[in-house]
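Student: Mind looking over this structure? Questions follow.
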Ligand SMILES: [Zn+2]
């Protein structure tokens, strides 16, 4: 491949101090804010245009890596990756994709905690763009309204489909549940493996990361322990 503008614009950064800093920030998994950092113009481009642009840029990345995109196996990869980013694994960035939460009256007057455990969780680390794979466990105590069980899965999936940090993901799910169910009595625990820890960097395939967010009655030892017993 002959050098082109893209190649020249992406010559190695000579600032090694800065590079060390960004390596450290990634490996320490430090998040800067509760909200996913988004640009003001995040949704000015529509999905079709985003896919087209990402396809071009991803093609450049592959070419810079030295891959021959005339090969039949690689030819379609930039398009596949672009579609996967916009329509699947990062579709939760767009509020238009947020699941609509329909509430029902708690007709049974069931006023104990409801736990949904082992919700499959696939996300991606915002520092390395590689998968986070795990389980989410959710509990709430009804404040007169209940939510369809599959909606709990959908809320987890929506926030997981963003470049994420596990702590932020946990809080975003908990806050969404509090706001929908109009109660503070919500608990979220996430137990996940980060591929940026297991497949690169420190290469630890045994460890998993647990994060938890408790509100309202779940701040009481007894309620929290009951929940933790259910999910153990
Ligand atoms: Zn990472």
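The values are calculated or read from the model by the stated rules, or taken from the named source; none is laboratory data. The model shown is predicted, which means the values in this text are computed figures rather than measured ones. As a convention, Cβ positions derive from the backbone with ideal geometry for all residues, glycine included, and neighbour counts pool all protein chains shown.
Student: I need a count of the residues in segment 144-169 that are over 13 Å from residue 101 (Cα atoms) and either free of Cβ contacts under 8 Å to residues at least 24 places away in the same chain or in contact with a helix residue (DSSP H, G or I) (Cβ under 9 Å, 6 or more places away or on another chain) (or both).
Tutor: 9
Student: Condition first: more than 16 Å from the ligand (Cβ to nearest atom), surrounded by fewer than 17 Cβ atoms within 10 Å (Cβ to Cβ), outside any strand (DSSP E or B) and in contact (Cβ under 8 Å) with a residue 12 or more places away in the chain. Now tell me which residues in segment 102-142 satisfy that.
Tutor: 102, 106, 110, 111, 112
Student: Which helices (runs of 4 or more DSSP H) does segment 1-88 wholly contain that include 1 or more residues that are within 16 Å of the ligand (Cβ to nearest atom) and modelled with pLDDT under 95?
Tutor: Hits in segment 1-88: 16-28.
Student: Can you report the number of residues in segment 190-210 which are touching a residue at least 40 places away in the same chain (Cβ under 8 Å), within 30 Å of residue 142 (Cα to Cα) and surrounded by fewer than 18 Cβ atoms within 10 Å (Cβ to Cβ)?
Tutor: Qualifying residue count, segment 190-210: 2.
Student: Looking at 202, 210, 190, 180, can you tell me which residue is within 17 Å of residue 103 (Cα to Cα) and outside the structural domain of residue 87 (by TED's automatic domain parsing)?
Tutor: Unique residue meeting the criteria: 180.
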